[in-house]
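Any read-out appearing in this document is the output of simple, stated calculations on the displayed coordinates, not a laboratory observation. Just so it is clear, the structure is predicted and the values come from calculations on it, not from any experiment. Cβ placement follows ideal geometry from the backbone for every residue including glycine, while neighbour counts extend to all protein chains displayed.
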Amino acid sequence: MNETTITARMRKDGTVVEVLPDGSERPFPEQPMRPMTEEEIHAAALSDPDARPMTEAELRNARRVPRVKTMRRALKLTQEEFAARYHIPLGTLRDWEQGRSEPDQTAKAYLKVIAANPEAIYQALQFSPD
């Protein structure tokens, strides 16, 4: 088997580039992946010890990424920016994201509203009656 190691880096804008031996970067070529059937995908996963499918027990015990972290990242905000923008204490947000605590029912409802229309919630929080 022929093995090639490629060093990659993700830029701040989210693009992934190959890092060349001299330290310069170049974009990865836009090569479409060969379409695979579900059976081919499953067989490929089984043949790779680092990518094998998880068992039911492993799935139950797997550490889940908190939804608030996924939402914050989708909005491209840091923890500090998200906390300030939506008036959530930074320590509380960090606890939620690191799994030390979970949002209560009221906070879950607020997070659902943020997810549904983040800009409207931000604008509403900017409003101050005269």
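Below, the figures for the structure above:
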quantity	calculated
P49, sole failed condition from (1) in a loop (DSSP other than H, G, I, E, B); (2) under 20 Å from the mean Cα position of the chain (by Cα); (3) at negative phi	(2)
Residue ID - farthest from the chain's Cα centre (by Cα), chosen from residues in region 52-91 that are under 15 Å from K108 (Cβ atoms) and of a type in the set (A, V, I, L, M)	I88
Matching residues in region 52-90 - criterion: being free of Cβ contacts under 8 Å to residues at least 40 places away in the same chain, in a helix (DSSP H, G or I) and under 27 Å from G14 (Cα atoms)	K69, T70, R72, R73, A74, Q79, E80, E81, F82, A83, A84, L90
Residue list for region 112-127, filter: loosely packed, with under 11 Cβ neighbours inside 10 Å and under 14 Å from R67 (Cα atoms)	A116
Extreme residue, nearest to the chain's Cα centre (by Cα), among residues of region 92-111 that are outside any loop (DSSP other than H, G, I, E, B), surrounded by 12 or more Cβ atoms within 10 Å (Cβ to Cβ) and not aromatic (F, W, Y)	E97
